[in-house]
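Written below as structure tokens is the structure these notes are about.
Values in this text are rule-based calculations from the coordinates and carry no lab data. Just so it is clear, the model here is predicted, and its values are computed rather than measured. Cβ sites come from the backbone with ideal geometry, for glycine too, and all protein chains shown count toward neighbours.
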Amino acid sequence: MRKQPIKLHQMQVLRRRFELSENEEKEFENLQAGFLGELSFDKLLDAHLSGLNVYHVKDYRFKVDGSEVQIDNLLISGDQAYTFEVKNYNFDLVYCNKAWHFVNGEEFKDLSMQVNRQRLLLQQLLKKGSFYSASNNVMSHLVFVNPKQTIYNMPNLENLIVPSNVDKRLSKICKSNYYDQSALYKFLESQRLVKSIYNIPVDIKFETLRPGTYCYQCNSTSTLDKIHRNLYKCKNCKIDYNILQILQNLQTEITALNDSWKITPAILFKLSGGMVSRAVINKYIREGKIKL
Ligand SMILES: [Zn+2]
């Protein structure tokens, strides 16, 4: 399972419990689209990796020479390291003069620089662990996953994956490792950053959050409807929540916003808007179903 980025989780909470400016709402939509794109690429990759002896490392973060790097997908397949930078863009792009442009001609971000940076810094990390050899180069890919996106003047680059060539490219890449790569995998995991410098607590006081219970299976910003004592329902997607799930959601919301906030029964009671009684919270704590 791939975890959603903390920044996305924070914005999901704040659009219900605080407010987002128009720009932040746009950022939220971009982050959400990015995450959905990663999930859809995971599915494709998983289908190609099924039954193979490979290592697929997701959301890999490491630091080398003072720079923090994040790689959506790192694959050790066929005794070779690959990275995949996934982009779920809902707008068209034109490739021209070795650069990406919007349809109106304006130049877009330098995506190849981003992909190259990942490749170079990962190579540096492999060198550090003595896992690098010139013949074992890192291959970095840029992946456009949105089937609705049109790429005009598409270049025939070896490291570009689009919906029309994804199956062909992945079948070439996905092969069992011939040699034992467990030492490399262990080294990579030992270098994984648990906390990113980009994960910062929100600059908001707990008291200013809007109390209530919300659905996180859809984008509805309405509070859940109470069906009976232990059952709540989302007005929009009709998903059911029991009290324990609601308490667990409240807990993850608080931790996502600011992991230094101390979670107590009183805090949970307050954030639920009084929906969950303190007696019930204490009961779940006693039963070990909730750990504070
Ligand atoms: Zn819902």
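Please express the shape of the range 6-190 as an equivalent ellipsoid: the semi-axes are the square roots of 5 times the eigenvalues of the C-alpha gyration tensor, given largest first in whole angstrom.
29, 21, 17
Please order T208, T221, T83, T252 by the number of other Cβ within 10 Å, starting at the fewest.
T208, T252, T221, T83
Taking 23 Å as the cut-off for C-alpha to C-alpha distance, list the pairs among K3/K128; K127/K172; K87/K109; K58/K238; K195/K233 that go past it.
Exceeds cut-off: K3/K128; K127/K172; K58/K238; K195/K233.
On full extension of the chain, what length is gained from S50 through N137, given 0.36 nm per residue of separation minus the C-alpha to C-alpha distance?
Going from the current span to full extension adds 28.9 nm.
Would you mind checking the range 42-63 for residues with the amide N under 19 Å from a putative spin-label position 7 Å along Cα→C-beta of S182?
Output list for this probe position: 51-57.
Using R₀ = 35 Å, calculate the FRET efficiency as 1/(1 + (r/R₀)^6) where r is the Cβ-Cβ separation of T150 and E68; round to 0.05.
0.55
Within the range 28-50, name every residue whose backbone N is under 14 Å away from a label modeled 7 Å from Cα of K172 along the Cβ vector.
none
Over the chain, calculate the relative contact order: mean separation of alpha carbon pairs under 8 Å at least 6 apart, over the residue count, as a percent.
17
Can you list the trypsin sites (Lys or Arg not before Pro) in the range 71-154 that are in a DSSP coil and have 12 or fewer other beta carbons within 10 angstrom?
Qualifying residues, ordered by number: K98, K109, K148.
Among I267, L224, I281, flag the residue with its Cα farthest along the positive direction of the charge dipole of the range 208-286, charges on Cβ as +1 for Lys/Arg and -1 for Asp/Glu.
Most positive-ward Cα: I281.
Taking every DSSP beta bridge with both residues inside the range 6-190, roughly what % is antiparallel (nearest 5)?
Bridges in the range 6-190 are about 65 percent antiparallel.
How much mean residue ellipticity at 222 nm does the chain get from its helices, if each DSSP H run of length 4 or more adds -39500 (n - 2.57) and you divide by all residues, to the nearest 500 deg cm²/dmol?
When only DSSP H runs of four or more count, the value is -11500 deg cm²/dmol.
How big is the dipole moment of the range 6-190 about its Cα centre under a simple scheme where the beta carbon of each Lys and Arg is +1, that of each Asp and Glu is -1, and everything else is neutral? Debye, nearest 20, please.
420
May I ask you to order 193-201, 210-218 by the average number of other C-beta atoms within 10 Å around their residues, highest value first?
210-218, 193-201
Evaluate the charge dipole of the range 152-238 about its Cα centre and quote only its size in Debye, nearest 20, assuming +1 on the Cβ of each Lys and Arg and -1 on the Cβ of each Asp and Glu.
Charge dipole of the range 152-238: 400 debye, to the nearest 20.
So which helices of the chain fit the span-like rule, where a helix is a whole DSSP H run, its Cα atoms reach 20 Å or more along the axis, and its mean Kyte-Doolittle is at least 1.6?
Qualifying helices: none.
In the range 36-119, which chymotrypsin sites (Phe, Trp or Tyr not before Pro) are in a loop and have at most 11 other Cβ atoms within 10 Å, using DSSP for the loop call?
Passing both the DSSP loop test and the Cβ count: F91.
I'd like the FRET efficiency for V202 and A99, computed as 1/(1 + (r/R0)^6) with the beta carbon distance as r and R0 of 41 Å, rounded to 0.05.
0.70
Using the Cβ atoms and a cut-off under 12 Å, what net charge is assigned to the surroundings of Y284, where Lys and Arg are +1 and Asp and Glu are -1?
Summing Lys/Arg as +1 and Asp/Glu as -1 gives +4.
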